[in-house]
Amino acid sequence: MNNNALLELRNVSQSYGDLRVVQDLSLQLAKGQIGCLLGPSGCGKTTVLRLIAGFERLSAGEIRLNGAAVATPHFSLPTEKRRIGMVFQDYALFPHLTVFENVAFGLHQMEKSLRGPRVMELLEVVGLAAAANKYPHELSGGQQQRVAVARALAPSPDLLLLDEPFSNLDSDLRERLSQEIREVLKSQNATAILVTHDQHEAFAMADEIGVMHQGMIQQWDTAYNLYHKPNSRFVADFVGKGVLLSGEVIERGRVMTDLGGLYGELPDAVGVGQTVDILLRPDDIVHDDASKLQATIMHKAFQGADILYTLRLESGQQVLSLVPSHHNHKLGEKIGIRLEIDHVIAFRRT
Amino acid sequence: MTKAPKLSAFVLSLPAIYKDRWRLVALVFATLVLIPVLVVISSFFHPEKEVWQHLYEHVLGDLLLNTLWLVLGVGASTLLLGVSLGWLTAVCQFPGRRILSWALLLPIAIPAYVTAFVFIGLLDFTGPLQGWLREAFGSSDWFPRIRSTGGVILVMSLALYPYVYLLARNAFATQGKRALEAAQALGHSRTSGFFRVALPMARPWIVGGLMLALMETLADFGTVSVFNYDTFTTAIYKTWFGMFSLDAASQLASLLVIIVFVLLILEQLSRSRMRYTQAGRHQETGRIKLKGMTAWGATLFAVTVVSIAFIVPLMQLLIWAANVFADDFDSRYLGFLQHTLMLAGIAAVITAVGALLLSYAARRNTDSLTRTCVRIATIGYALPGTVLAVGVFVAIAWVDRTLLQVLQPIMQIEAGMLLQGSLLIMLVAYMARFMAVGFNPVDSAMQRLPLSLDDVSRTLGVSSLTMLRRVHAPILRGGMVTALILVFVDVMKEMPITLMTRPFGWDTLAVRIFEMTSEGEWERAALPAVTLVLVGLLPIIFLSRHGNVNE
């Protein structure tokens, strides 16, 4: 066990009545890291965040902050003593206070003369120094979001919790702001944990991401590994686009598919002659006019720089291919394709 | 289908109440409303033969007919006035629109019973108008009698149309123009667009406003007394205080409650259909510009309504009040005023505090039990004051008797009344009647205080009392002030509860008006009436300055 972890969850479970929302969940986060819990709604990710914050009491397990237990089934350190900051989905800005007063709200233990400079410092960081005397309702959604971040960071919390912080913003702003906020957090050397259902947000913000499903973390990894080396069908399906192409294991480490033979690491329990599903990302299939391998275009989605083609192979199986957008083909047309695959990910048929 | 499981869930969750004090709060306030209603309704199921015989033979037919005419007449004319004025001020542009759209709300400041006696004083045979007509033309026999069914309907419609007007205006302002444009884009003319799209879309709001106006009509006691027009409310009063038959009064009240419940159900249904299809502000530039005669016609229409419903009555009251000021402004008047202010003050404070507790209960618990309790606790606006007076009185009289039986052997008290004859009956009835008036502003302030604000305060190291002081109090203050003002004004104007349950010597301005008008002394009712109107203007001015007169 890593004893330098700032945040550590050990076998945490939470149930409401018979409903188990979080099951036996463990994770660690080192100081200065930004972690993320990614999952569909109802997977229990927000509950984990509320457990860390101390808004709810856990049913089993232990939560440690800075090496000290803050929550067990028998003990719960009050939220206000945990030295955490939180950014809420609805921002939860105080409507009766100005931007300045909102950010200053948590600084009641700081010496009075230091409060003003601290508030202005953070407002500078989030680029809202000019709006200090405005009220929350006078700000745009993105500005309110930045005030919420500044307010949470002002008392220099040990850990910052962000609950779906960008879900109320439009997609353009969401991407820009998530990068901005990441820079703010890194500049303050803050440790943070983010909860979201949006993988783009997770990729843009987090150093490490845990994909959650049915109250459990399926995989805790970097964004790259989640995309290219998912450890389960759920992660493969939830993160990124892709299809599963069936193939037959013809010898140890070799699979034959409709697109030809592939070499790679296969699950241990797979024997020769068994059928497996190979994960194919849209960028694993490359357009190549010279290729003998032909596929029919079923759908196309124009995405600006690229076009995402849905292709039907001769066997009837469908795959996705991301092609630079100057290769503009018509529906029904046949195009040549080639596999360009770095990591063969195979799942056993169950 | 849905009713049965709801009820069983309600009953099953009863034991859970004791674990949660906020739910208990909600239950207590619901009980305060529920008990008088149940007391009254139970008398419907235990009819006393002789009482019914008498009621059936002598009064019931007239009461039902009178009530029917009143509801039909007031319903039709408030609809006509409210919808047309609402459409004109919300969607059209004509000279004076901005001021008129506000001025059209002013009649709400004059209690209907005040408009009633002013109109009779002005328009009756002995009044100045008919006197002038006789002088000018020799006869005024052709002039319609004001003391008639038509007269009652006219007065009530002028006092109550603002309910329909306000809701219709809001509905049209948020979606009227847009609905019309959509219809025009599909090839409809403006007129057909109005009737086929804009009006149907606004129907839930209009029906909601209409139901409020009709509830007030059924609850009205003062106006119909002035006109000697017998309805259930006056019959309840007369059987109780004239024939001293509380049983008969309860029987009549139970019938009235049943009629009111029909309206209440219709109102709740229309409320659940109120959905704004599009949020955001109505744009000033998008108005339909009325031209020439049409524009001035609209102005004239609105000015006429404001004049007849507000300016003329207020002027006449001021003239009368000035005439009698030297005689009537005495220590007795100051006594009425003092009682009125004290009662309204106490009632406003306890109702606003009750509304605050109820709103907190609703914030903490979103389960069906709490929601049902909050609904019941705020349903009193539909219950006529006469019904609540009877119900609360009977319930508290029972408590009195029980207390006496228990206490007499121990404490050697003489037989008598403990709670009856105290202010308690009155205050409980006021609170039940006006809880919704206090609850709505407090609860809409509570919407600005989601639970996440508590959470965020705690993450910032601020909890319990400090949080109440730094977060809750400043956010809820505005709503509380509004609740206090609204309840205060409503209690000041309230007539039947005050009249029927006041302890000896607690005469208020409204009681004084009732007494003077029942003797036809219009002038001598003017000074207290002017006082009520001026105080009644406060919330309109206050709320419009704070920009939420629309709520």
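Among the listed pairs A:Lys81/A:Lys229; A:Lys134/B:Lys289; A:Lys229/A:Lys300; A:Lys45/A:Lys112; A:Lys31/A:Lys81, a Cα-Cα separation exceeding 28 Å is found for A:Lys81/A:Lys229; A:Lys134/B:Lys289; A:Lys45/A:Lys112.
Across the stretch B:188-197, rounded Karplus estimates of 3J(HN,Hα) from the backbone phi angles (6.51 cos²θ - 1.76 cosθ + 1.60, θ = phi - 60°) give 8, 6, 4, 4, 5, x, 4, 6, 9, 10 Hz, Gly and Pro being marked x. Per residue, chain B reaches -24500 deg cm²/dmol at 222 nm when only DSSP H runs of four or more residues are counted, each adding -39500 (n - 2.57). Diagonalising the gyration tensor over the Cα atoms of the protein assembly as shown and scaling each eigenvalue by 5 before taking the square root yields semi-axes of 67, 35, 28 Å, largest first. Interface residues of the stretch A:98-116, defined as those losing at least 40 Å² of solvent-accessible heavy-atom surface relative to the isolated chain (probe radius 1.4 Å), are listed as A:Phe105, A:His108.
Computed with a 1.4 Å probe over protein heavy atoms only, the accessible surface of the stretch A:156-204 comes to 41 Å² per residue. Here's how it looks for A:Leu160: its modeled amide H is under 5 Å from those of A:Gly85, A:Thr191, A:Ala192, A:Ile193, which are all 5 or more places away or on a different chain. Look at the stretch B:448-454: the mean tally of other chain Cβ atoms within 10 Å of its residues' Cβ atoms is 4.
Per residue, chain B exposes 47 Å² of accessible surface when a 1.4 Å probe is rolled over the protein heavy atoms with every protein chain present. Evaluated at q = 0.14, 0.18, 0.24, 0.27 Å⁻¹, a Debye calculation over the C-alpha positions of the stretch A:276-350 (equal weights, vacuum) places log10 I(q)/I(0) at -0.43, -0.70, -1.14, -1.35. Exposure here means at most 10 other Cβ atoms within 10 Å; with chymotrypsin sites (Phe, Trp or Tyr not before Pro) in a DSSP loop as sites, the longest stretch of chain B lacking them is B:245-503. Compute the whole-percent fraction of alpha carbon pairs in the stretch B:249-377 spaced more than 19 Å apart. When every Cα pair of the stretch B:249-377 is considered, 80 percent fall beyond 19 Å.
Between the Cα long axis of helix A:141-153 and the first principal axis of chain A there is an angle of about 60°, rounded to the nearest 10. Loop-located GluC sites (Glu not before Pro) across the stretch B:44-147 with a Cβ neighbour count of 16 or fewer within 10 Å are B:Glu48, with loop assigned by DSSP. Rolling a 1.4 angstrom probe over chain A with all protein chains present gives an accessible area of which 47% lies on carbon and sulfur atoms. Computed over chain A, the per-residue total of -39500 (n - 2.57) for DSSP H runs of n ≥ 4 gives a 222 nm mean residue ellipticity of -6500 deg cm²/dmol, rounded to 500.
Helices of chain B meeting both criteria, an alpha-carbon length of 27 angstrom or more along the long axis and an average Kyte-Doolittle score not below 0.5, with helices taken as full DSSP H segments, are B:21-45, B:60-91, B:149-185, B:199-219, B:246-272, B:331-364, B:385-411, B:424-446, B:473-493, B:522-545. Summing Cβ point charges (Lys, Arg +1; Asp, Glu -1) relative to the Cα centre of chain A gives a dipole of roughly 560 debye. The angle between the Cα long axis of helix A:171-187 and the longest principal axis of the Cα atoms of chain A comes to about 60 degrees, rounded to the nearest 10.
Dividing the mean sequence gap of close Cα pairs (under 8 Å, 6+ apart) by how many residues the stretch A:175-305 holds gives a relative contact order of 15 percent. Near A:Cys43, no amide H atom lies under 5 Å from its own; only residues 5 or more places off or on other chains count, and H is placed 1.01 Å from N. The A and B chains share an interface that buries close to 1700 Å² of accessible area, total over both sides, probe 1.4 Å.
Here chain B has 66 percent of its accessible surface on carbon and sulfur atoms, given a 1.4 Å probe and all protein chains in place.
The Cα-based radius of gyration and maximum Cα-Cα distance (Dmax) for the stretch B:132-221 are 19.6, 59 Å. In a solvent-free Debye calculation with one equal scatterer on each Cα, what is log10 I(q)/I(0) for chain B at q = 0.11, 0.12 Å⁻¹, listed in the order of the q values? Listed by q, the Debye log ratios stand at -1.11, -1.31.
Taking Cα atoms only, the orientation of helix A:112-125 departs from the longest principal axis of chain A by about 20 degrees.
The values are calculated or read from the model by the stated rules, or taken from the named source; none is laboratory data. Note that the structure is predicted; figures quoted are calculated from it, not measured. Reconstructed Cβ throughout: ideal geometry from the backbone, glycine too, with neighbour counts over all protein chains shown. Only protein heavy atoms, including side chains, enter the accessible area calculation; ligands, DNA and RNA are left aside. Shrake-Rupley method; radii C 1.70, N 1.55, O 1.52, S 1.80 Å.
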